[in-house]
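K.L.:
Quick one: the structure is below, questions incoming.
The values are calculated or read from the model by the stated rules, or taken from the named source; none is laboratory data. Here the structure is a predicted model, which is why all the values come from computation and not from measurement. Cβ: placed from backbone, ideal geometry, glycine included. Neighbour counts: every protein chain shown.
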């Protein structure tokens, strides 16, 4: 990337790429819920399909991250989103479980490749914390339409409507990537520094993010089913999901405003604790009000904390290699989440989801505590 601020079109392309690549973060409740109710799958089977998508994204991110400085990111983004769109379009034509499993894995590999270079490009540019916060705001706006609109479409047109929406999102991301994704123009100071040894504490931060991604996916995959099975009603649960999307508008710009006021090392310590608390409320509450309040705020905690974690890692590795592995950091946990959650729900009920978050949150806090003791982080303004 050049040293000048990206043009507006470049920023829009990165925001759209972030939204498409992170579609699981906002769509998992509808995604898993549709697979259960419209395709007749057991929770474990539905969770496994989501896990195959996320697992594909992890593998792709791990492949591209160490090669980030030697590739043309715009080509990977364009091809990746394009292939993901084709895979989702193919899902609308089949209900065979084996075919859907293969297509979920392919879509994950393709979208994960595109998302990896998108995050690497954001992380190696100027003001990565602020740029990632703006991408998070775009994702929140996108989430309102996904959570508010797709359940209605699925209700009217059936399960394949969900995958038509996903295919359209990926194709739009592919087209904008081809047209406006930032092109790398020669070596920069950050690019030259990218060959330096990555601080080992980056990987502690990565494990912490993975743990939060695991809790996020494990709980978020089943918030719609929890509400429905506890008799809160389709309209009420859909309203909660829309409220969740609206609440998600706040954490990204708030994280940008607080970048210089709240030290990242403290924010990432508090994030897993708040996340686990909300998960316990969602999984254990039999009343609508606590369930609704905790669900509406649930994803916001991940968005807010991850923005600070992104900035923290950017200080430890300014070249972008580690940040191009952000999809792997998030999705290696998130990939386990749906199938683990489905297994727990199938054998021990919804309350087991909240109980499992306590142990996972403890691991996350310990890892973030280790990452927060490095000189690069302690010297932050």
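K.L.:
Only one residue in 267, 273, 240 is in contact (Cβ under 8 Å) with a residue 40 or more places away in the chain, assigned to a helix (DSSP H, G or I) and farther than 26 Å from residue 312 by Cβ. Which one?
P.N.:
Result: 240 is the single residue among 267, 273, 240 that is in contact (Cβ under 8 Å) with a residue 40 or more places away in the chain, assigned to a helix (DSSP H, G or I) and farther than 26 Å from residue 312 by Cβ.
K.L.:
Looking at (1) modelled with pLDDT under 85; (2) over 20 Å from residue 357 (Cα atoms); (3) under 19 Å from the mean Cα position of the chain (by Cα), can you tell me which one residue 195 breaks?
P.N.:
It fails just one condition, (3).
K.L.:
Residue check: is residue 63 part of a helix (DSSP H, G or I), surrounded by fewer than 24 Cβ atoms within 10 Å (Cβ to Cβ) and modelled with pLDDT of 85 or more?
P.N.:
Answer is yes for this residue.
K.L.:
What is the residue count in region 156-165 for residues that are loosely packed, with under 15 Cβ neighbours inside 10 Å and either closer than 17 Å to residue 246 by Cα or free of Cβ contacts under 8 Å to residues at least 24 places away in the same chain (or both)? Spell out the reasoning first.
P.N.:
In the first step, residues of region 156-165 are kept if they are loosely packed, with under 15 Cβ neighbours inside 10 Å; the result is 156-158.
From what is left, the residues that are either closer than 17 Å to residue 246 by Cα or free of Cβ contacts under 8 Å to residues at least 24 places away in the same chain (or both) are 156-157.
Final tally of qualifying residues: 2.
K.L.:
Does residue 120 qualify as being part of a helix (DSSP H, G or I), surrounded by fewer than 24 Cβ atoms within 10 Å (Cβ to Cβ) and touching a residue at least 40 places away in the same chain (Cβ under 8 Å)? Talk me through it step by step, then tell me what you get.
P.N.:
Working: part of a helix (DSSP H, G or I): yes; surrounded by fewer than 24 Cβ atoms within 10 Å (Cβ to Cβ): no; touching a residue at least 40 places away in the same chain (Cβ under 8 Å): yes.
Against the criterion (part of a helix (DSSP H, G or I), surrounded by fewer than 24 Cβ atoms within 10 Å (Cβ to Cβ) and touching a residue at least 40 places away in the same chain (Cβ under 8 Å)), residue 120 does not qualify.
K.L.:
Still on this structure: Going residue by residue through region 167-175, is there one that turns out to be modelled with pLDDT under 85, surrounded by 19 or more Cβ atoms within 10 Å (Cβ to Cβ) and on the phi < 0 side of the Ramachandran plot?
P.N.:
No, region 167-175 contains no residue that is modelled with pLDDT under 85, surrounded by 19 or more Cβ atoms within 10 Å (Cβ to Cβ) and on the phi < 0 side of the Ramachandran plot.
K.L.:
On the given criteria, is residue 84 surrounded by fewer than 24 Cβ atoms within 10 Å (Cβ to Cβ) and in a helix (DSSP H, G or I)?
P.N.:
no
K.L.:
Of 352, 286, which residue is surrounded by fewer than 24 Cβ atoms within 10 Å (Cβ to Cβ), modelled with pLDDT of 80 or more and outside any helix (DSSP H, G or I)?
P.N.:
Result: 286 is the single residue among 352, 286 that is surrounded by fewer than 24 Cβ atoms within 10 Å (Cβ to Cβ), modelled with pLDDT of 80 or more and outside any helix (DSSP H, G or I).
K.L.:
A further question follows. Please go through (1) more than 22 Å from residue 15 (Cα to Cα); (2) in a helix (DSSP H, G or I); (3) modelled with pLDDT of 80 or more for residue 232 and return the number of the only condition it doesn't satisfy.
P.N.:
For residue 232, the exception is condition (2).
Per-residue answers, yes or no, for (1) in contact (Cβ under 8 Å) with a residue 24 or more places away in the chain; (2) surrounded by fewer than 24 Cβ atoms within 10 Å (Cβ to Cβ); (3) assigned to a loop (DSSP other than H, G, I, E, B):
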residue	(1), (2), (3)
26	yes, no, no
41	yes, yes, yes
50	yes, no, no
69	yes, yes, no
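K.L.:
Which one of the conditions (1) surrounded by fewer than 21 Cβ atoms within 10 Å (Cβ to Cβ); (2) in contact (Cβ under 8 Å) with a residue 60 or more places away in the chain; (3) closer than 19 Å to residue 278 by Cα does residue 253 fail to meet, given that it meets all the rest?
P.N.:
The single condition residue 253 does not satisfy is (3).
K.L.:
Against the condition surrounded by fewer than 18 Cβ atoms within 10 Å (Cβ to Cβ) and touching a helix residue (DSSP H, G or I) at 6+ places or on another chain (Cβ under 9 Å), how does residue 90 come out, does it pass?
P.N.:
Numbers: surrounded by fewer than 18 Cβ atoms within 10 Å (Cβ to Cβ): yes; touching a helix residue (DSSP H, G or I) at 6+ places or on another chain (Cβ under 9 Å): yes.
Answer is yes for this residue.
K.L.:
For residue 373, state whether it is surrounded by fewer than 24 Cβ atoms within 10 Å (Cβ to Cβ), in a helix (DSSP H, G or I) and modelled with pLDDT under 80.
P.N.:
Values: surrounded by fewer than 24 Cβ atoms within 10 Å (Cβ to Cβ): yes; in a helix (DSSP H, G or I): no; modelled with pLDDT under 80: yes.
It is false that residue 373 is surrounded by fewer than 24 Cβ atoms within 10 Å (Cβ to Cβ), in a helix (DSSP H, G or I) and modelled with pLDDT under 80.
K.L.:
Consider residue 31 carefully, then state whether it is within 28 Å of residue 301 (Cα to Cα) and either in a helix (DSSP H, G or I) or without any contact (Cβ under 8 Å) to a residue 24 or more places away in the chain (or both).
P.N.:
Yes; evaluated as a whole, the condition is true for this residue.
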